[in-house]
1. Restricting attention to segment 38-61, which residues are of a type in the set (Phe, Trp, Tyr), under 16 Å from ILE2 (Cβ atoms) and at pLDDT 90 or above?
2. Considering (1) of a type outside the set (S, T, N, Q); (2) modelled with pLDDT under 75; (3) loosely packed, with under 15 Cβ neighbours inside 10 Å, say which one LYS108 fails and leave the rest.
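The values are calculated or read from the model by the stated rules, or taken from the named source; none is laboratory data. Quick caveat, the model's predicted, so the values are computed rather than measured. For neighbour counting, all protein chains shown are included, and Cβ atoms are generated from backbone atoms with ideal geometry for every residue, glycine included. What goes into the accessible areas is simple: the full protein's heavy atoms, side chains included, and nothing from ligands, DNA or RNA. Shrake-Rupley method; radii C 1.70, N 1.55, O 1.52, S 1.80 Å.
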Amino acid sequence: MITIIPEAPENVAAFNATGEITREDFENLVIPHVKEKVDEFGELNYLLYLDTDLDKFTMGAWLQDALLGLKNLSKWNRAAIVTDKEAVQNFTDIFSVLMPGEFKSFPKENLYNALYWCKNGNEVEV
């Protein structure tokens with residue numbers, strides 16, 4: 001299931017993924033919310049808090065996620081993936097070289113920093 005993170009800054013489409021993720025999650029929630037943000041702000045700042053295993057994403061969900069990326073390719077500004085899964089962090093860092101915009105991974109304990117980065121393009125000073 002995917003839900004919107006209500007504490008996200010206004011210019012960030014932020015989602016929490018838990019349990020099984022389906023194509024319907026993307027069709028009914030993610031894509032409309034992303035479209036709304038792109039229409040309002042002219043760019044996409046995206047955050048996914050991955051609180052599930054990758055095997056919980058159905059094939060349709062992955063395909064829909066890929067189509068979302070392609071459809072809004074020119075609108076990507078910043079995208080953060082928040083996870084403690086090292087393989088996903090590594091993939092996100094490699095993926096950032098191939099896509100327009102900035103892609104960055106954050107460990108789960110840095111959710112606030114990831115939201116701040118998505119909003120502003122820099123991290124919170126500690």
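1. TYR46, TYR49
2. Failing condition for LYS108: (2).
Per-residue answers, yes or no, for (1) open to solvent by less than 70 Å² (accessible area, probe 1.4 Å); (2) farther than 16 Å from ARG78 by Cβ:
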residue: MET1; (1), (2): no, yes
residue: ASN11; (1), (2): yes, no
residue: PHE15; (1), (2): yes, no
residue: GLU20; (1), (2): no, yes
residue: PRO32; (1), (2): yes, yes
residue: GLU36; (1), (2): no, yes
residue: PHE41; (1), (2): no, no
